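This report concerns only the one structure given below.
Bear in mind these aren't lab numbers, they're just calculated from the coordinates by the rules spelled out. All figures in this text were calculated on a predicted structure; none of them were measured in a lab. Ideal geometry is used to build each Cβ from the backbone, glycine not excepted, and the neighbour counts take in all protein chains shown.
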Amino acid sequence: MRGISLFSSIAVIGNCITNASESEAAPQKHCSLLQVKTSSEGVKQVLELAANQVLARQKPTSFTRPGLKNGKVDKVEFGILVKRWYGIDFPAGTFTVDAIIASRWKDKRNSKLIPADASYVRMSSDDADAAMWLPDLAVTNIAHDGVDILSSSVLVDGENGTNTRVQRALLTLKQGYQTADFPFDTQSVYIKVASTIYMRDEVKLVPTEDESLWGCSSELFGNTPWNIVNTSLSSLSEDDGLLQKSRGILTIVVAREVAQYRSSIFIPTIVLLSMSWCSLWLPVATPYVMPRVAVSVISILCMMSVMQKANVMIPATGATTWLTQYLETCVLLQFVLMVLNALILSIEHRSKGEDSLAKGLDNEIIVAFPILTFFVMCFVWIGFFLLARFSIALAMIGFIFYMFYRQRLKQHAEAS
């Protein structure tokens with residue numbers, strides 16, 4: 001009890017000192033209680049005064065949201081403006097941007113914070129948090145330790161009771177990606193904001209109509225492998241059990257630039273396919289057997305090297321991409337040519353060059369292969385990969401049976 005009395009007395013003494021300049025009667029009234037040393041009534045009065053001092057230092061009623069008294073939902077206007085784009089990290093499932101987040105709401109109670117000779121006042125977010133009510137708007141889809149606040153301030157306008165909070169932050173955000181169409185993929189990335197405290201029946205987010213406060217400029221993607229398609233600012237209500245939030249979302253749709261893959265992947269694969277096809281142009285005579293086989297094998301080995309280079313570029317998300325399917329199809333076409341080339345050479349040299357069947361089959365493949373490649377690539381382009389592989393297998397098996405059928409007909413013709 002003595003300890004409590006001593007602590008409370010110290011609090012009252014402090015109050016006496018601070019109020020001494022305001023009134024002469026007040027310190028006499030408060031300090032006279034200190035003369036009561038053992039009276040329980042005096043201790044009770046001292047404790048009551050100390051409690052009043054603590055309550056006086058608590059947050060005033062302006063720290064409750066404006067619409068609470070009338071049972072209304074407070075509307076907070078928001079905008080998200082991207083100033084820098086630092087790219088997408090597919091293995092980590094994140095993307096990084098430098099963004100400005102603005103929120104605006106009405107609260108006329110804050111006009112008392114403005115000096116008498118000013119129409120507005122700007123303060124830091126920490127000072128504003130200690131002096132007024134804030135909707136506590138924050139980015140909700142951040143990665144671990146993915147927020148670095150660069151600057152933050154609150155503007156209180158006394159003319160119309162509008163309060164504006166502006167934050168600039170470096171954000172690393174979690175995001176799921178679809179890479180099935182790589183390298184022709186289009187990604188939609190999101191920056192989501194919501195109140196960290198209030199539910200949707202207390203605070204509702206409304207997209208700003210001021211176009212200067214949100215969006216993402218196409219100039220930010222000048223030195224990146226992405227082109228911006230469009231941006232949109234919207235709000236929605238999400239119900240996750242007891243977590244019922246009003247969320248604001250900035251959606252950025254970006255498309256991948258294909259130019260780098262055109263020169264490093266597509267042109268080399270077309271050249272190697274043409275190289276395999278040109279091996280059929282060499283005669284089937286003995287001096288040209290080695291060049292025909294070597295060209296086919298070398299083109300396949302070069303295609304394997306292109307595939308290794310492409311695997312480094314393909315996003316490591318675990319999903320099969322369009323580019324992977326395309327390269328596998330090119331290898332299958334080369335493999336078909338290599339097998340058919342070996343069969344034609346076998347027919348030619350088993351007959352010791354006396355059989356013209358091999359030359360005829362070789363000429364037919366020279367015409368048939370570009371047609372097959374065209375239809376197969378059309379299937380690959382529209383995403384019918386199984387149909388493309390089935391067409392290659394059917395063409396290979398069909399031509400092999402056709403070769404044996406032609407040879408059997410010729411044998412019957414010679415026997416008759």
Long-range Cα-Cα pairs in the range 71-186 (distance over 19 Å), rounded percent: 56 percent
Local electrostatic count at HIS144 - Lys and Arg +1, Asp and Glu -1, tallied over other residues with Cβ under 14 Å: -2
Cleavage-rule hits, chymotrypsin sites (Phe, Trp or Tyr not before Pro), the range 140-224, DSSP coil, Cβ neighbours within 10 Å at most 11: none
Per-residue Cβ neighbour rank within 10 angstrom, fewest leading, ILE400, ILE392, ILE80, ILE252: ILE400, ILE392, ILE252, ILE80
Centre separation in Å (Cα based) which lies between the range 94-138 and the range 192-255: 20 Å
Rg/Rg_ref, the range 175-312, where Rg_ref = 2.2 N^0.38 Å and atoms are Cα: 1.83
Hits among aspartates and glutamates - C-alpha to C-alpha of LYS72 under 12 Å, sequence gap 8 or more where chains match: ASP201, GLU202
GluC sites (Glu not before Pro) within the range 330-416: DSSP coil, no more than 16 neighbouring Cβ in 10 Å: GLU354
Contour excess over end-to-end distance, with Cα ends at SER124 and GLN178 and 0.36 nm allotted per residue: 15.4 nm
Relative contact order [Cα under 8 Å, 6+ residues apart], the range 64-256, whole percent: 26 percent
Ranking of LYS108, LYS359 by count of other Cβ atoms within 10 Å, fewest first: LYS108, LYS359
Taking HIS349, HIS412 and counting other C-beta atoms within 10 Å, the order from fewest to most: HIS412, HIS349
